[in-house]
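Participant: Take a look at the following structure, please.
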């Protein structure tokens, strides 16, 4: 591909990204979503976070491993329990990373 084709590709991808991400802002109040769609969209962040975290916590090298030998899963569970008990985000990150580091040294 030539430099012109690469430049055109970058511009078109940027344009498609801007249009798709700002679709509802561009339309404004002209389009209203049904209540059931608005209700369903409330779960989108949790679903996206689960889709990102689940493979990382459950799989090692693309294979499922036993929970008691998986330091990432165990640290994730401990961090989740810590957050539910304290509701402190920075403390949760520190607790999870500390548990992960200790468990990784012990289990591996």
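Readers should treat all values here as calculations from the given coordinates under stated rules, not as data from a laboratory. As the structure is a computational prediction, the values presented were derived from the model and not from experiment. When we count neighbours, we look across all protein chains shown, and the Cβ atoms used for this are built from the backbone with ideal geometry, even at glycine.
Participant: Tell me the angle of helix 71-86 to the major Cα principal axis of the chain, expressed in degrees between 0 and 90 and rounded to the nearest ten.
Facilitator: 80 degrees
Participant: So what's the angle, to the nearest 10 degrees on a 0 to 90 scale, between helix 44-58 and the longest Cα principal axis of the chain?
Facilitator: 40 degrees
Participant: Nearest 0.05, what FRET efficiency do residue 94 and residue 30 give at R0 = 41 Å with Cβ-Cβ as r? Numbers along the way, then the final one.
Facilitator: Details: r = 47 Å, r/R0 = 1.13.
FRET efficiency, residue 94 to residue 30: 0.30.
Participant: Does the chain come out rounded, prolate or oblate, given a ≥ b ≥ c as the square roots of the eigenvalues of its C-alpha gyration tensor, rounded meaning a/c under 1.5 and, failing that, prolate meaning a/b above b/c?
Facilitator: Because a/c hits 1.5 or more and a/b fails to exceed b/c, the chain counts as oblate.
Participant: As a footprinting exposure proxy, order 23, 82 by other Cβ within 10 Å, with the fewest listed first.
Facilitator: Working: 23 10, 82 18.
Ascending number of Cβ neighbours within 10 Å: 23, 82.
Participant: Return the single residue from 31, 11, 65 with maximal mean-square fluctuation; model: Gaussian network over the chain, springs between Cα atoms under 10 Å.
Facilitator: Ranking 31, 11, 65 by mean-square fluctuation puts 11 first.
Participant: Under the Kirkwood approximation for Rh and a Cα-based Rg, what ratio Rg/Rh is obtained for the stretch 45-107?
Facilitator: With Rh from the inverse mean 1/r over Cα pairs, Rg/Rh is 0.98.
Participant: Between residue 51 and residue 66, 0.36 nm times their residue separation minus their Cα-Cα distance comes to what? Walk me through the numbers before you get to the answer.
Facilitator: Details: separation 15, 0.36 × 15 = 5.40 nm, distance 1.99 nm.
The span from residue 51 to residue 66 would gain 3.4 nm if fully extended.
Participant: Another question about this same structure. If you rank 80, 20, 92 by fewest surrounding Cβ atoms within 10 Å, what's the result? Numbers along the way, then the final one.
Facilitator: Details: 80 13, 20 8, 92 19.
Ranking 80, 20, 92 by Cβ neighbours within 10 Å, fewest first, gives 20, 80, 92.
Participant: To the nearest 500 deg cm²/dmol, what mean residue ellipticity at 222 nm is calculated for the chain from DSSP H runs of n ≥ 4 alone, each contributing -39,500 (n - 2.57), summed and divided by the residues? Walk me through the numbers before you get to the answer.
Facilitator: Details: 6 runs with 81 residues, N = 108.
So the helix-based figure for the chain works out to -24000 deg cm²/dmol.
Participant: Can you tell me, using C-alpha contacts under 8 Å and at least 6 residues apart, the relative contact order of the stretch 6-108 as a whole percent?
Facilitator: On the way: 43 pairs, mean separation 17.3, N = 103.
Relative contact order of the stretch 6-108: 17 percent.
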